[in-house]
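The values are calculated or read from the model by the stated rules, or taken from the named source; none is laboratory data. None of these values were measured; they are calculated from a predicted model. Ideal geometry is used to build each Cβ from the backbone, glycine not excepted, and the neighbour counts take in all protein chains shown.
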Amino acid sequence: MNDSTAVSTLNDDQSSPVVAGQPQVRRLRDHVIEIISDSGEGAQKCGQSFASIAAKMGHGIWTVEIIPAEIEPPARSIEGASGNRIRVGSFEVANGGDEADLVVAFNEQVLLGRVRTGALKPGCIILLENKWRHHQDLAIVAAYTSTYDKLVADGYRVYEIPMEQVCLQHTSTPQRGKNMFVLGMLNRLYHQDLELAREQVAFTFRSKSADVVDRNIKLLQAGYDWVGENLDLRFEIPSAKREQAQIVVSGNTSLALGIMASGMEICAMYPITPATSASHYLSEVFENVGGLVHQAEDEIAACGFAIGASYAGKCSVTITSGPGMALKQELIGLAAMAEIPLVIVNVQRGGPSTGLPTKVEQGDLLQAIFGTHGDAPRVVLAAATIEECFYLPITARKIAEAFNLPVVLLTDANLATAQQPFARPRLRKDWFAAPVDQSAIPEGEAPYDWDHTTGLHRRFTPGQPGGMHTLTGLAHDRKSRVAYDPATNEEGLRHRSLKLAAFQKTLTVPEVCGDANGDLLVVGWGSTKGVIEEAVEQVRAEGQAVACLHLTYLQPMASGIGDIMKRYQQVMTVEMNWGDRVDDELIDSENRRYSSLAWLLRARYLVDVDCWTEVQGQPLKPRSVARVIRNKLTKE
Amino acid sequence: MFDPIEVLSPSVSDLDDEAYSLDDFEGVDSRWCHRCGNNAILTAVQKLCAEEQLAPEKTVFVSGIGCSSRLPHYMGTYGFHALHGRALPVAEGIKIRRPDLHVFVTTGDGDCCSIGAGHWLHAIRYNMNMTVLLHDNQIYGLTKKQVSPTSPRGLVSNTSPHGAHLEPLNPLAATLGMSNISFVAHAVDWVPSVLCDIIKQAFHHRGLAFVCIMQRCPNYLPDHFEEYIKDPERMVLLTHAQGLQVEDAVAKRFKHREEHDPRDIDRARELANNRERVPLGILYRNPDVLCYEDVRAGVEHLSVSDKISALEREFDKFTVQPPS
Ligand SMILES: Cc1ncc(C[n+]2csc(CCOP(=O)(O)OP(=O)(O)O)c2C)c(N)n1
Ligand SMILES: [Mg+2]
């Protein structure tokens, strides 16, 4: 986001230019569009296709899946909304934005569900299937008309559209075909390229017969034409010129691609939402690049399996989410103690316990860093974007192997299913790990010859003549012999800890986004980056001196963060994990439980870091974060 | 799938003139109690390694936590002394990555049948090529005499001062009840020649060979196995042309002997379930059972450029070209 004043003018109704004799065309900087239906009615396919076309036209996009909690919720139910939210912009869109500007709904009940969760902007445009108005079941008619009347009374701009009725001219199963009709509608509404849409439809149905492709292209055309004849709404979002090829994938697919590109060859897992879809894709293709996915009997076994594979060869990975992460902790301690490289990916969801299994939260930072017994140093890093979901597994493997320790990579449910294009990576040979070292160990070398300064040692792998030793989770000396004497135990702890310092020396000072000094610094980590940056830009555009800092490395943290914080009057983290609210009666400075990153920053830098958090299972919205920043600036 | 070794290490046949001796398989000195049954098991595996001329660098002993799980430290091979109950998943990870390594697992009755019980059942089903030795002393040794799932009913321990409440879990019957089993045997530490023979056959079996060994714990359960040692009614020796063949001198020590075809699963289950007269020998063997690593190792070794082209093809699926 560079110029946010432009956003408000461009998105402001009054200033929209009217083209004489033509439908009014509103030029927009960005728009948030939702397409929702009962599950199985194809709203997701429609949304994904619309987003792909937008990406091809050079728009920035961010898409979010709308998934009901149940696999097959009853039809026309308030909790049953299934579909997609797409934010389209003339810039690199880095988050899902605020509430929706336009919603296409296949029935009024799923729409009502979205209204109740606060997903719609006041005055939002609604394109609503109207077949329910003429339904033979009078209860349905009543539900439809009362909802319609209420929405209109509440100021929503509702357009009733005879979707299935029009589709009937082209298909005998309009319920299954109307998603492509809607795609055609949106194509016209947003001035998209119809030819690209035809290609997209052909691609979507590539495995189907020519008849099916044909019928869907007709439906697409019908939607396009219907808008031309009946609706006087038009939007135009200027597209950015882009030189490079991009890939459009969800965070979990990106993660899976990153794992394959990292040279790791074994991924052991146990199914858990929202991590599973990464394993689904990996299971499908990993063997093509010489790897495999092992579905173990539980998370503990998955972690043990990955550790065994790492020990005998190259670094392996285990993917999970919060509850599974908790189960793996004892073995993560073993990997730290015995100094075995291991990558653990935690796609965070709401907790504790089973919590909000399909929704986003950043509740696992402290368990990632401290979650096992004893002192078990590991590196923890967090992906902030879909692109980082690709690159960070490569980094994680490198760190794990260079320093012989566990590396935790945090992503979350928001990144897992969201899609955002990024430049197609150029694969590098050195990402693919070198072959397993099987050379003989020179006489006199010990399996834990810790370097006194860095704590590093050369790992011996089975198969290496002369390297025989028994690796153990018990306290051990340089020869890996069990040792209970006080000095040896401290020697091990010291060297394992030193490795984090050695690694920390390789990190560069993170960059601040916004004013170099000023009234407020907002610090964040993980998937909130795009939202926080956009919010900070909004407030800066109002003349305030604020900035944000986003941390990729949470353990250890780079040097220089303390100095950065000193340049601002106030520092506050914005996170999606629980922090006590100061206006709660019992909460004071003696008992307030801060959010995770705030704890860490306060402890290390002795700075009075405040925190603002939201844990509603939804991605943060730029507008709410901007409001929080304004409040913080006026309060003090 | 993987190319396990890209640097050749000398194979046994190159080493005729410097063949491995028993000493090569000795690690640090054993700290087990005097007369502990684990010593016999250690000797048996060291003997196996020497007889089979296993390259020490190609051999890995994996264990959990317990007295019995100390065994890897006493070997001159590679060893992985993991966590309580977690030896099997670690061993599976090693084997999938490195089918070229000889993998052994040593585990206690608490380690295998209690905290690691889930892994145990699944390991049987994965049937990866490894030898699993269950040191069944029917007590928790390392943590000083607590009741174990295999402790007989009534056994007095520090956590069952009035006697164990339940009937014991029977590791042989449990294993034989699993699917995809391929090798199940029962041995005792006090008949070392039979122990050695069984371990040898277990090692040569392709698949997961599960050997349950009655192991004496002189410290906490001094006379616990005496009835089996003294009373000829309590054991039956299983022999067969396709199973164990025992020298007459040894066989004569057993009043009850049975010709048991190790392919006969029904009889194997009957023998396993007879707590009055426990079997000694190979209860079940089926060399044709599917091994997990075989069905998962379908992909040929790929060069880095092959991998890169395969990955590029994946990227193609998701690529959006810039607007023209
Ligand atoms: C997670 C965990 N729980 C408990 C222990 C304590 N512990 C160590 S060994 C053991 C049981 C040992 O019994 P067994 O497996 O029969 O081995 P034995 O010592 O008899 O050979 C227990 C409970 C542990 N090390 N880790
Ligand atoms: Mg025991």
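Values as computed for the structure displayed
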{"quantity": "Test result for B:K317, in a helix (DSSP H, G or I), within 7 Å of chain A (Cβ to nearest Cβ) and either of a type in the set (D, E, K, R) or free of Cβ contacts under 8 Å to residues at least 60 places away in the same chain (or both)", "calculated": "no"}
{"quantity": "Wholly enclosed helices (runs of 4 or more DSSP H) of segment A:162-218 bearing at least 3 residues within 21 Å of A:R133 (Cβ to Cβ) and free of Cβ contacts under 8 Å to residues at least 60 places away in the same chain", "calculated": "A:163-167, A:174-189"}
{"quantity": "Whichever residue in segment B:103-129 is closer than 28 Å to B:C33 by Cα and either within 11 Å of chain A (Cβ to nearest Cβ) or of a type in the set (A, V, I, L, M) (or both) and, among such residues, is farthest from ligand 1 (Cβ to nearest atom)", "calculated": "B:V103"}
{"quantity": "Residue, surrounded by the most Cβ atoms within 10 Å (Cβ to Cβ), within segment A:310-323, restricted to residues that are more than 25 Å from A:P435 (Cβ to Cβ) and in contact with a strand residue (DSSP E or B) (Cβ under 8 Å, 6 or more places away or on another chain)", "calculated": "A:S321"}
{"quantity": "Residue that is nearest to B:L48 (Cα to Cα), among those in segment B:93-122 that are away from ligand 2 (no atom under 16 Å from the Cβ) and assigned to a loop (DSSP other than H, G, I, E, B)", "calculated": "B:L101"}
{"quantity": "Segment B:66-92, subset within 17 Å of B:L42 (Cβ to Cβ) and near ligand 1 (Cβ under 9 Å from one of its atoms), residue surrounded by the most Cβ atoms within 10 Å (Cβ to Cβ)", "calculated": "B:S68"}
{"quantity": "In segment A:282-338, the residues that are facing chain B (nearest Cβ under 7 Å) and part of a loop (DSSP other than H, G, I, E, B)", "calculated": "A:G290, A:A296, A:E297, A:D298, A:G313"}
{"quantity": "Residue list for segment B:72-92, restricted to those being assigned to a helix (DSSP H, G or I) and β-branched (V, I, T)", "calculated": "B:V90"}
{"quantity": "Of the criteria (1) touching a strand residue (DSSP E or B) at 6+ places or on another chain (Cβ under 9 Å); (2) within 14 Å of chain B (Cβ to nearest Cβ); (3) without any contact (Cβ under 8 Å) to a residue 40 or more places away in the chain, which one A:P421 fails", "calculated": "(3)"}
{"quantity": "Checking A:L507 against (1) within 14 Å of chain B (Cβ to nearest Cβ); (2) more than 20 Å from A:G313 (Cβ to Cβ); (3) aliphatic (A, V, I, L, M), the condition it does not meet", "calculated": "(1)"}
{"quantity": "Residues that are within 9 Å of ligand 1 (Cβ to nearest atom) and not in a loop (DSSP other than H, G, I, E, B), drawn from segment B:135-173", "calculated": "B:H135, B:D136, B:Y140, B:Q146"}
{"quantity": "Residue pairs meeting the criteria (Cβ under 9 Å; at least 6 apart or on separate chains; first touching a residue at least 24 places away in the same chain (Cβ under 8 Å) and within 13 Å of A:G83 (Cα to Cα), in segment A:105-132; second hydroxyl-bearing (S, T, Y) and assigned to a strand (DSSP E or B))", "calculated": "A:A105/A:S37; A:F106/A:S37; A:N107/A:S37; A:V110/A:S37; A:V110/A:S82"}
{"quantity": "Near pairs, Cβ below 7 angstrom, 6+ apart or cross-chain, from segment B:209-221 (within 14 Å of chain A (Cβ to nearest Cβ) and farther than 28 Å from B:P161 by Cβ) to any residue that is in a loop (DSSP other than H, G, I, E, B) and more than 11 Å from ligand 2 (Cβ to nearest atom)", "calculated": "none"}
{"quantity": "Residue, surrounded by the fewest Cβ atoms within 10 Å (Cβ to Cβ), within segment A:447-494, restricted to residues that are small (G, A, S) and within 14 Å of another protein chain (Cβ to nearest Cβ)", "calculated": "A:G466"}
{"quantity": "Unique match (being in contact (Cβ under 8 Å) with a residue 24 or more places away in the chain, surrounded by fewer than 15 Cβ atoms within 10 Å (Cβ to Cβ) and more than 16 Å from ligand 1 (Cβ to nearest atom)) among B:L238, B:L290, B:L244", "calculated": "B:L290"}
{"quantity": "Positions within segment A:101-127 being closer than 18 Å to A:L231 by Cβ and of a type in the set (G, A, S), in sequence order", "calculated": "A:A105, A:G123"}
{"quantity": "Of residues in segment A:343-387 being assigned to a loop (DSSP other than H, G, I, E, B) and of a type in the set (V, I, T), the one nearest to A:L327 (Cα to Cα)", "calculated": "A:T372"}
{"quantity": "Residue match in segment B:148-155 (condition: over 26 Å from B:Q46 (Cβ atoms) and without any contact (Cβ under 8 Å) to a residue 12 or more places away in the chain)", "calculated": "yes"}
{"quantity": "Selected residue [within 21 Å of A:L365 (Cβ to Cβ), touching a residue at least 40 places away in the same chain (Cβ under 8 Å) and β-branched (V, I, T)] from A:V531, A:V546, A:V536", "calculated": "A:V531"}
{"quantity": "Leading residue by the ranking (nearest to ligand 2 (Cβ to nearest atom)) among those in segment B:67-92 that are within 14 Å of B:D24 (Cα to Cα) and more than 7 Å from every other protein chain (Cβ to nearest Cβ)", "calculated": "B:Y74"}
{"quantity": "Selected residue (only one of A:I307, A:I340 is buried (at least 24 other Cβ atoms within 10 Å of the Cβ), closer than 21 Å to A:G374 by Cβ, modelled with pLDDT of 95 or more and touching a Phe, Trp or Tyr at 6+ places or on another chain (Cβ under 6 Å))", "calculated": "A:I340"}
{"quantity": "Selection from segment A:427-450 of residues that are part of a loop (DSSP other than H, G, I, E, B) and free of Cβ contacts under 8 Å to residues at least 12 places away in the same chain", "calculated": "A:R428, A:A434, A:P435, A:G444"}
{"quantity": "Enumeration of residues in segment A:211-252 that are within 16 Å of A:C46 (Cβ to Cβ), among the polar types (S, T, N, Q) and crowded, with 21+ Cβ neighbours inside 10 Å", "calculated": "A:N216"}
{"quantity": "Test: residue in segment A:281-295 that is surrounded by 23 or more Cβ atoms within 10 Å (Cβ to Cβ), touching a residue at least 60 places away in the same chain (Cβ under 8 Å) and assigned by TED's automatic domain parsing to the domain that holds A:I394", "calculated": "no"}
{"quantity": "Selection count where residues are within 14 Å of ligand 2 (Cβ to nearest atom) and part of a loop (DSSP other than H, G, I, E, B), scope segment B:123-134", "calculated": "0"}
